[in-house]
Amino acid sequence: MITAAQEQAQRNRNTLFVEDGELLQIDSFPNEQYIMRIRAPKCAAAAAPGTFVHVSCDVALPMRRPLSIMRAAGDWIEVLYKVVGEGLRLLAGKRPGDAISVLGPIGQPFRLSTERPNVVLIGGGVGIPPMVFLADSLRREADQWRPLALLGSEIPFPFDLQPSSLPTPWLDNDITSSMPLLESWGFTSRLSSLSGFPGCYNGYVTDLAERWLQGLDQEQLQQTEIFACGPTPMLRAVAALAARHSLPCQVSLEEFMACAVGGCAGCAVEVLTPTGPAMKRVCVDGPVFDAQTVVWR
């Protein structure tokens, strides 16, 4: 009999790649935040919104670090991270031309439904990258989707704030700050923070989402789905928000990982399944889960 782990391994066969990537570009932002563009053609070709890579930070450090993919195009991928610990500090010291070993893409991606074209993207902090990747995929069929990106951060955003030219009649006129990249794609985005950044909503990103949802009628709600990534307290609040409005919601969980390929089970979380509660590995069973199946602690 084939075990569940063996079935998972068979599904992952020929979908993961180990590449000797090359750092093409690194941009730094306040509070030790970095966006890196890495040449990794096989990973770029197979990447999907919600998947991630396991990156080698330095030859002196054997353990890799999991990083969400923010964009993938041509032969490159982009990742955004904040320095936390020695590994990411070593990675931040790399320069264009340096070699970076990349394992990926890993994990189950977000799943879109054409029955729900109102796509609400909620990203918090280093949970912003999967939302950008998902938005990037939507713009290839822009006439089919109506995305709204709501991004929150308590430290300076890893991009310059740009006043939006896209209207949001459900918000006060002075809440105009947006993400320039999403604005250039013609996608409405708004930013929230409790840190008093100019043009941002003063509150949690879930409060911002609540304000938008309260303005929808029943027909509009039936066409809406929420996608989110960020710290666990934010995702717990997003799950509660979706439940209050009876909306489907997919969340990309953030967990500490060792192997990132399902072998160590160190990233397991409790999830409700048709046969009862079960421990699922965030790396390969996720990182994307139905928010209402996650047992929030």
Exercise for review: Quick one: compute a quarter of the convex hull surface over the Cα atoms of region 118-252 and quote it in nm².
Suggested key: 7.3 nm²
Check your understanding: Roughly what would the spin-label model give for Glu210 and Ala45, points 7 Å off Cα along C-beta, in nm?
Key -> 4.8 nm
Exercise for review: On each of the three principal axes of the Cα atoms of the chain, give max minus min coordinate, whole Å, ordered largest first.
Suggested key: 51, 48, 35
Practice item. For region 88-154, run through the GluC sites (Glu not before Pro) and keep only the ones in DSSP coil with at most 11 other Cβ atoms within 10 Å of their Cβ. Key: Glu115
Practice item. Would you kindly calculate the translational diffusion coefficient of region 12-106, applying Stokes-Einstein with the Kirkwood radius from alpha carbon pairs, for 4 °C and a viscosity of 1.567 mPa s, and quote it in µm² s⁻¹ without decimals? Key: 100 µm²/s
Check your understanding: With Cβ to Cβ distances under 13 Å as the rule, what net charge do the other residues near Ala228 carry (K, R +1; D, E -1)?
Key -> -2
**Study point:** Value at 222 nm in deg cm²/dmol, rounded to 500, when DSSP H runs of n ≥ 4 in the chain each add -39,500 (n - 2.57)
**Key:** -6000 deg cm²/dmol
Review point. So which aspartates and glutamates pass the test for Lys94, namely a Cα distance under 16 Å, with those fewer than 8 places away in the same chain ruled out?
Key: Asp20, Glu22, Asp27, Glu32, Asp58, Glu78, Glu86
Revision key, fill the gap. Taking R0 as 35 Å and r as the Cβ-Cβ distance between Asp290 and Arg89, the FRET efficiency 1/(1 + (r/R0)^6), rounded to the nearest 0.05, comes to 0.50
Review point. For region 151-203, what is the convex hull volume of its Cα atoms per residue in Å³?
Key: 69 Å³
Practice item. Evaluate E = 1/(1 + (r/R0)^6) for Glu32 and Thr275, where r is the Cβ-Cβ distance and R0 equals 41 Å; express this FRET efficiency to the nearest 0.05. Key: 0.40
Practice item. List every DSSP H helix in the chain whose Cα atoms extend 20 Å or more along the helix's own long axis and whose mean Kyte-Doolittle hydropathy is at least -0.5. Key: none
Exercise for review: With θ set to phi - 60°, apply the Karplus curve 6.51 cos²θ - 1.76 cosθ + 1.60 along region 20-26 and write out the HN-Hα couplings as whole Hz, x wherever there is a Gly or Pro.
Suggested key: 7, x, 10, 6, 8, 7, 9
**Study point:** Long-range tail of P(r) for region 255-297 (Cα pairs > 13 Å, %)
**Key:** 49 percent
Check your understanding: If the cut-off is 17 Å between C-alpha atoms, which aspartates and glutamates fall inside it for Lys280, apart from same-chain ones fewer than 8 positions away?
Key -> Glu7, Glu254, Glu255, Glu270, Asp290
Practice item. Multiply the residue separation of Arg236 and Leu221 by 0.36 nm, subtract the distance between their alpha-carbon atoms, and state the gained length in nm to one decimal. Key: 3.4 nm
Review point. Looking at the chain, what % of its DSSP beta bridges pair antiparallel, to the nearest 5?
Key: 65 percent
Review point. Are there GluC sites (Glu not before Pro) in region 15-82 that DSSP marks as loop and that have at most 14 other Cβ atoms within 10 Å, and which are they?
Key: Glu32
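No lab work stands behind these numbers, since they all come straight from the coordinates. Everything numeric here is computed off the predicted structure, so don't read it as measured data. Note that each Cβ is placed from the backbone with ideal geometry, even for glycine, and that neighbours are counted across all protein chains shown.
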